[in-house]
């Protein structure tokens, strides 16, 4: 476990998001964009989606963080992502990258590399396959919603190693999510495991994308504590998943109800619940 | 309050929508497009979404109203909006414009101006920041979902003044929505306040876009009474928000459940409930 | 009724989907894409959405089936659909086509024809208007969500005739859905009616698109029994609609709740429930 003080400091960020209502500019896929907007609103942030090259720099300039998600990438939006990301970096704001499906096609892998090269990315949030693809390692990617199981094979150690390797190479904080989530900044001894979450999160689309968007909200209010902001986002989303799953079990809900209740849980989560419910553990 | 007869006449339009099932052609953003389609179906209309320049005139020709929403505008869809809008006007049908985020980027402000210039727009539905941006006044826009608070600063009078100014300049009926909604056609003495709604509407994405889409449905069945159609749409959406919020309070729902129940309320609203629940007030 | 054994064989495919978790590549419209992804996950499949020409062949090559839906078609995505479809056919995998809105615009009708000509389509799933448009018959199309009523006019016989005609002409299995669904492979004596479903399915957007996506999942695991796979998908979706409607009646839900419960029902449906609940009938 992390120290009591550290746990409280991380949970406190959820209050800061509600107080500051940061504007988060997302250039994201059209599959889960609505979920991302609602997740941002649920945690107290304000979403703005805009992807045209003629406006992304202006919009990114208004926002406190930029989230780039390559889920349904095309050439038009890749250029917009670079422009928005560069604008945000130039202003000292956080850029969070979700390399959805990296490894599944050359285009996606190369787009993610392009973004890591041309933009100062603050955080990468992906599953193990995606992070390995970014490291240039052969990975079997099975769609874009298969995050759940792939961490099991290699366990938390494999995830931690990959996260630290990508963190060192990219300079970003890296979150590898799966049955257990891992946050790393390149220093193995600081690597954090977040043991929240529930398998139902992998039975709906968008839980990963929502997590990435929410990570943007937490980074927006804590640009000097990105590592903690990422941990808070993982804890909040994982805990919300647990709460929604408990309700699904009690009230007999399926994956449709679970998805609604996940947003409910995010919207009602307060600092105390998060401080009490996050299962953070230093791995070293 | 408006007269009892006027209130009944306005509420009656909700029955007309269910009876006539108008087809509403939306060219709208990809964030809330699904919500717009479901809101249209809930009030008894039929949605059709089509944005390619090769088909928009044909589709607009089949529809009884066209809704243009610039939420995730790009160059390709702006041309489609102009074509669809011109086709609808030429056929004497209503065109409803939602200038999402006008003021947040030059591109959006100019796109809205282009649409107001090149299309005979029947209704503009926006928040105060957006309407001020269309008037060329400096406005602080904070994302696209920040409608709730910005009307508070200047109160209903500021909203009414802006709505009437834009109505006079554009020839459209203008609805400025916020804590209190205002409908204006340029004649100050007719300005109507709609005091329905609930703050939870601002904690989900899409309530504004859904309102605009539903406004299209009401205008479709009352092309000779656009002002009343807009009032009916504002009343219906606001009342549905109140009903969903009451349920959220009673049953302990968060913003995810609220969003589901908002559609439930729209789908179950009848003329009598609307006549009894709308809080319409002439401002002059 | 079909024989008990045939009914069991068809229902069994729902278990096969859960066991094999096929990856289904969808190039689909942005209105209901999220619903399609969640429906696929609910029945146990894995969705992947990708529409850029630079990656669709690679993604289609990873998938066990490809679903092409022209709901918000544009020139860019039509080329991607052809490429993905050809790649899937070359690998012997199923391609399911949803000709959303064929007949409503020349572009859509011609796009559907292009896909039928250039891709070996395994299944066409549409409403009667759309299927007639593909046959070159004049049809009155009223939007893209008007499937429910249009089958009523001509009854099941008209639907069966159209389905068989298109099946013979295209070589695909054809499902015409409406108040009663029909599956045909061109041999009138095998034509199957599926008498599941509920009118509420037509009061939400996306039920047709979800059905098409789920059809892709069933075809993915039964490439040698496409006819049965289509019947299973129609039965599963129709039965889920009945279950969700029963819950809406019992608990007082509107169309918003119905939509959530539809996904719930899909996610909890097992082989036994499907075997017991499907209302399949050979028409000849």
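All of the numbers you see were taken from the coordinates with simple rules; none came from a lab. This is a predicted model, so every value here is computed, not measured. Quick reminder, even Gly has a Cβ in these numbers, built from the backbone with ideal geometry, and neighbours come from all protein chains shown.
Once divided by 2.2 N^0.38 Å, the Cα radius of gyration of region A:221-264 becomes 1.45. Taken residue by residue and averaged, Cβ atoms of other chains lying within 10 Å of the Cβ of A:222-229 number 0.
Which whole-number percent gives the relative contact order of region C:1-79, counting Cα pairs below 8 Å spaced six or more residues apart?
Values: 95 pairs, mean separation 29.9, N = 79.
Normalised by residue count, the contact order of region C:1-79 is 38 percent.
When DSSP beta bridges are restricted to pairs lying wholly in region B:4-282, around 30% turn out antiparallel. Pairs of Cα atoms nearer than 8 Å and 6+ residues apart set the relative contact order; for region C:177-278 it is 27 percent.
Quick one: of the DSSP bridges fully inside the protein assembly as shown, what percent are antiparallel, nearest 5?
Details: 27 of 88 bridges.
DSSP beta bridges in the protein assembly as shown are roughly 30 percent antiparallel.
Each copy carries a label point for residue B:276 at 7 Å from Cα toward Cβ; from one copy, the others' points are 4.1, 4.1 nm away, ordered from shortest.
Per-residue ellipticity at 222 nm from helix content only, as computed over chain B with -39500 (n - 2.57) for each DSSP H run of at least four residues, stands at -18000 deg cm²/dmol.
Region A:30-58 and region C:1-27 have their alpha-carbon centroids 37 Å apart. Take residue B:224, push a point 7 Å out from Cα through the beta-carbon direction, and compare it with the same point in every other copy: 6.8, 6.8 nm, smallest first.
Using a ≥ b ≥ c from the Cα gyration tensor of region C:4-282 (square roots of the eigenvalues), is it rounded, prolate or oblate, where a/c under 1.5 gives rounded and otherwise the larger of a/b and b/c decides, a/b for prolate? It is rounded, given that a/c, with a ≥ b ≥ c, falls under 1.5. Normalised by 2.2 N^0.38 Å, where N counts its residues, the alpha-carbon radius of gyration of the protein assembly as shown equals 0.89. Measuring from each Cβ of chain B to the axis carrying B onto C, the nearest residue and its distance in whole Å come out as B:30, 3.
What are the nm distances, shortest first, from residue C:106 to its equivalents in the other copies, labels at 7 Å along Cα→Cβ? For residue C:106, the inter-copy label distances come out at 3.8, 3.8 nm.
Rounded, prolate or oblate: which fits region B:159-266 when a ≥ b ≥ c are the square roots of the eigenvalues of the alpha-carbon gyration tensor, with rounded for a/c under 1.5 and prolate only if a/b beats b/c?
prolate
Please compute the contact order of chain A in relative form: average sequence separation of alpha-carbon pairs under 8 Å and at least six residues apart, divided by the residue count, as a percent.
On the way: 627 pairs, mean separation 60.9, N = 284.
RCO, chain A: 21 percent.
When the square roots of the Cα gyration tensor eigenvalues are ordered a ≥ b ≥ c, the ratio a/c for region A:193-232 is 1.5 or more and a/b does not exceed b/c, which makes its shape oblate. From most to least packed by mean Cβ count within 10 Å, the peptides B:166-175, A:62-71, B:108-117, B:268-277 give A:62-71, B:166-175, B:108-117, B:268-277.
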